[in-house]
Amino acid sequence: MKILVKKFSLCHDGVKYSAGSVADLPDDVAADLIQQSPKEFAAVDAPAADETPAAPAAPAASAENGLPPVDAEKLRKK
């Protein structure tokens with residue numbers, strides 16, 4: 001089971017996981033950590049083997065957002 005280390009750090013089998021990292025631990029160990037310290041650890045939902053993660057959406061161009069194009073020469077102070 002994969003868990004997220006929210007606070008502090010976790011040392012398991014000689015590997016140190018700092019805050020913000022994801023550790024892949026045995027299910028019983030991960031379940032105990034999450035149950036005993038829910039503020040420090042959280043379960044991470046991993047996608048199934050046949051699922052692919054969705055690609056992040058590309059940022060929209062400024063014309064699509066309804067913003068006019070900007071002319072830097074006109075905005076520059078003289």
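The values are calculated or read from the model by the stated rules, or taken from the named source; none is laboratory data. It should be emphasised that the depicted structure is a prediction, and the values quoted were computed from it without experimental measurement. As a convention, Cβ positions derive from the backbone with ideal geometry for all residues, glycine included, and neighbour counts pool all protein chains shown.
Scanning region 29-76 for residues that are surrounded by 10 or more Cβ atoms within 10 Å (Cβ to Cβ), under 18 Å from Cys11 (Cα atoms) and either modelled with pLDDT under 60 or over 21 Å from the mean Cα position of the chain (by Cα) (or both) yields Val29, Asp32. Looking only at residues in region 26-40 that are touching a Lys or Arg at 6+ places or on another chain (Cβ under 8 Å) and assigned to a loop (DSSP other than H, G, I, E, B), the one that is nearest to Lys7 (Cα to Cα) is Glu40. Within region 1-17, if we keep just the residues that are under 14 Å from the mean Cα position of the chain (by Cα) and part of a strand (DSSP E or B), the residue that is farthest from Asp45 (Cα to Cα) turns out to be Val5.
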